[in-house]
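Structure first, then comments.
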Amino acid sequence: METTQQDAEKLAAAKAAVKLVKDGDIVGLGTGSTASFAIKELGRMVQGGLRIKAAASSINTEELAKSFGIEILPLGELSSIDISIDGADEFTESLDLIKGGGGALFREKIMASLSKKSIIVTDASKKVKKLGAFNVPVEVVPLAYQYVFDQLSKLGGKGVKRLKNNEVFVTDNGNFIIDADFGLINEPQKLSFDLNEIDGLLAHGLFINLTSKVIMSTRDQLIVFD
Ligand code: 5RP
């Protein structure tokens, strides 16, 4: 798929999602190219008079939102978010996701957990029958890197330390990412539980039971999964 068509789909999904935001809402802002389309749309709505406050799932997102005049609240001080809008790397019809392609999975997971409504926006390429063609990102505290890497291997995950521009990728939280290939995942919830048991593993990119709705745009229609 050429980039422009994919971008058109991302924009269409983002435009549909921002219609769900109400005046006075606290809005969780996701990370990545699709979420950025939604943030820009929300920014225009704010400039047109919509009153919202927002929480950001990454430093990049915070900067983008502020550039549109969106007021940002510290994620760590919120007990609840009315609605969040984020992207995904893969999703299934049962609303299980893999996220973290942009490395923001930990804050994104906290944001989704706080959200009354968690809306995922995607283009048509993100829908899969089974999760796992996209490697599962795992955020690991540097001190525990080798330990976590070995524990992932025991669970069948072939890990690769994420690099960016030939340097080790460091998250907004000062940690590393291991991208773990588990093959196609038959039991995502079980794998999620198993990963949660590993000390030193801050968060993983399997988002199970955290999504209210996926709005996916194809070339010519919007499809909602809920
Ligand atoms: C960032 C994410 C993103 O939402 C995910 O990688 C999708 O990004 P994009 O919309 O650019 O395809 O999880 O950590």
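Quick notes on this structure:
- Flag for S79 being closer than 26 Å to K15 by Cα, free of Cβ contacts under 8 Å to residues at least 40 places away in the same chain, assigned to a loop (DSSP other than H, G, I, E, B) and of a type in the set (S, T, N, Q): no
- Candidates V168, V121: the one that is at pLDDT 95 or above, under 22 Å from G30 (Cβ atoms) and of a type in the set (A, V, I, L, M, F, W, C) is V121.
- Residues in region 93-114 that are within 15 Å of A56 (Cα to Cα) and surrounded by fewer than 19 Cβ atoms within 10 Å (Cβ to Cβ) were compared, and the one that is farthest from the ligand (Cβ to nearest atom) is L114.
- Any chance G32 is within 11 Å of the ligand (Cβ to nearest atom), surrounded by fewer than 24 Cβ atoms within 10 Å (Cβ to Cβ) and either within 12 Å of the chain's Cα centre (by Cα) or of a type in the set (K, R) (or both): no
- Residue match in region 148-166 (condition: in contact with a Lys or Arg (Cβ under 9 Å, 6 or more places away or on another chain), part of a strand (DSSP E or B) and of a type in the set (K, R)): no
- Considering region 74-88, and only residues there that are surrounded by fewer than 24 Cβ atoms within 10 Å (Cβ to Cβ) and in contact with a strand residue (DSSP E or B) (Cβ under 7 Å, 6 or more places away or on another chain), the residue that is nearest to V160 (Cα to Cα) turns out to be L75.
- Considering L184, L195, L191, L202, the condition of being in a strand (DSSP E or B), out of contact with any Cys (no Cβ under 7 Å at 6 or more places or on another chain) and more than 20 Å from G87 (Cα to Cα) is satisfied by L202 alone.
- Out of E77, E41, E90, E63, one residue alone is touching a Lys or Arg at 6+ places or on another chain (Cβ under 7 Å) and more than 11 Å from the ligand (Cβ to nearest atom). It is E41.
- Scanning region 57-71 for any residue that is part of a helix (DSSP H, G or I) and touching an Asp or Glu at 6+ places or on another chain (Cβ under 8 Å) turns up at least one such residue.
- When V141, V170, V148 are screened for being out of contact with any Gly (no Cβ under 6 Å at 6 or more places or on another chain), among the aliphatic types (A, V, I, L, M) and either touching a residue at least 60 places away in the same chain (Cβ under 8 Å) or surrounded by 13 or more Cβ atoms within 10 Å (Cβ to Cβ) (or both), only V170 passes.
- Listed by first and then second residue, the pairs with beta-carbon distance under 9 Å, at least 6 apart or on different chains, first residue in region 119-132 and crowded, with 17+ Cβ neighbours inside 10 Å and assigned to a strand (DSSP E or B), second polar (S, T, N, Q) and at pLDDT below 95, are D123/Q5; D123/Q6.
- Selection count, region 1-56, where residues are part of a loop (DSSP other than H, G, I, E, B) and either under 30 Å from G174 (Cβ atoms) or in contact (Cβ under 8 Å) with a residue 60 or more places away in the chain (or both): 8
Yes or no, residue by residue, for (1) surrounded by 12 or more Cβ atoms within 10 Å (Cβ to Cβ); (2) touching a strand residue (DSSP E or B) at 6+ places or on another chain (Cβ under 9 Å); (3) under 26 Å from D123 (Cβ atoms); (4) at pLDDT 95 or above:
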site	(1), (2), (3), (4)
L184	no, no, yes, yes
D194	yes, no, no, yes
L210	yes, yes, yes, yes
M216	yes, yes, yes, yes
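The values are calculated or read from the model by the stated rules, or taken from the named source; none is laboratory data. None of these values were measured; they are calculated from a predicted model. Cβ coordinates were reconstructed from backbone atoms using ideal geometry, including for glycine residues, and neighbour counts include every protein chain displayed.
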